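The values are calculated or read from the model by the stated rules, or taken from the named source; none is laboratory data. Everything numeric in this text was worked out from a predicted model, so none of it was measured. Cβ placement follows ideal geometry from the backbone for every residue including glycine, while neighbour counts extend to all protein chains displayed. Quick note on the areas: whole protein, heavy atoms, side chains included, nothing else; ligands and nucleic acids left out. Shrake-Rupley method; radii C 1.70, N 1.55, O 1.52, S 1.80 Å.
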Amino acid sequence: MPHDALHEEARSDSSYMSEDKRGYRTREVDVSTLKPASDDGVQLRLKGVDHSARPTWKLRETVTFYRDVLGLPLIHTISARGWGHPGHPDFLHFFFDAGNGATIAFFYYIGTDRPEKYMPEDSHFYSASHTAWSVDTAEELAQWKETLEGRGLTVSKFTKHEGLESIYFRDPNGYPLEVTRRLRDVEVLDAEDAALTIQAAIEIEDAARAAGEKMRDIDTVWRRKAKLVEARVGDL
């Protein structure tokens with residue numbers, strides 16, 4: 001069988017080839033139609049992060065940054081012809097060791113230019129999509145900051161927020177990165193507090209939507225949460 005025909009045969013059953021097969025990435029998720037976990041009694045578990053993945057249009061710079069500047073070993077590369085829906089370019093998918101079995105991965109779509117919507121921005125919306133990698137001690141975090149700055153990188157000040165302390169910087173693609181350490185263990189009380197906070201926020205958001213408005217501020221959430229706490233204490 002000719003090489004190209006073999007390739008086409010491999011493409012023919014791809015989950016990306018037709019719209020009906022691509023529903024898992026194109027169909028809108030309506031949570032009102034989904035069944036809660038309590039209905040089937042199956043408790044799903046995750047075992048941590050296997051990899052993060054993002055596109056890059058800077059092959060040399062990305063490899064140089066992660067392998068040569070950060071010092072993360074390049075451990076695996078998938079090279080493939082374009083597959084999936086029509087127009088899918090050939091690509092490289094390469095992985096750097098991030099510790100504990102996790103990797104940082106990139107897609108390099110050969111012959112493509114970065115679309116405008118993927119250009120980096122100086123905004124909280126853009127920075128919200130980021131990867132945070134952990135270290136165990138304050139000394140390790142300080143070593144990361146001092147070493148990266150010594151290698152010429154611009155790094156944020158040490159930032160403590162809730163149970164974490166972090167530093168922030170960007171890679172050559174403009175992707176936000178974080179190195180963080182836990183300041184304390186997460187306890188049962190944290191989960192209970194989280195549930196009350198989110199319940200209060202959802203109630204406020206539902207009421208705002210019903211009135212054709214938006215949630216105004218965090219103080220509104222705190223006031224609703226206080227009422228939930230008062231109700232819970234009254235039930236004890």
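Odds and ends about this structure:
- The residue list Asp68, Asp97, Asp90 contains one member that is touching a residue at least 24 places away in the same chain (Cβ under 8 Å) and of a type in the set (Asp, Glu), which is Asp97.
- Condition check for Ala102: among the hydrophobic types (A, V, I, L, M, F, W, C) and open to solvent by 30 Å² or more (accessible area, probe 1.4 Å): no
- Considering only residues in the range 53-83 that are among the small types (Gly, Ala, Ser) and closer than 23 Å to Glu116 by Cα, the one that is modelled with the lowest pLDDT turns out to be Gly82.
- Restricting the range 160-192 to residues that are free of Cβ contacts under 8 Å to residues at least 40 places away in the same chain and basic (Lys, Arg), the residue that is farthest from Arg114 (Cα to Cα) is Arg184.
- Some residue of the range 216-233 being touching a Pro at 6+ places or on another chain (Cβ under 9 Å) and open to solvent by less than 30 Å² (accessible area, probe 1.4 Å): no
- The lone exception for Phe106 - which of (1) more than 30 Å from Arg22 (Cα to Cα); (2) within 20 Å of the chain's Cα centre (by Cα) it fails: (1)
- Filtered residues of the range 38-59 (kept if without any contact (Cβ under 8 Å) to a residue 60 or more places away in the chain and surrounded by 10 or more Cβ atoms within 10 Å (Cβ to Cβ)): Val49, Asp50, His51, Ala53, Leu59
- Members of the range 107-134 found to be part of a helix (DSSP H, G or I) and surrounded by fewer than 10 Cβ atoms within 10 Å (Cβ to Cβ), listed by number: Glu116, Lys117, His124, Phe125, Ala128
- Taking the range 2-25 as the range and being open to solvent by 70 Å² or more (accessible area, probe 1.4 Å) and at pLDDT 65 or above as the test, the residues that pass are Glu19, Asp20, Lys21, Tyr24, Arg25.
- Test result for Lys214, farther than 16 Å from Ala138 by Cβ and in a helix (DSSP H, G or I): no
- The set of residues from the range 56-93 being outside any loop (DSSP other than H, G, I, E, B) and of a type in the set (Lys, Arg) comprises Arg60, Arg67.
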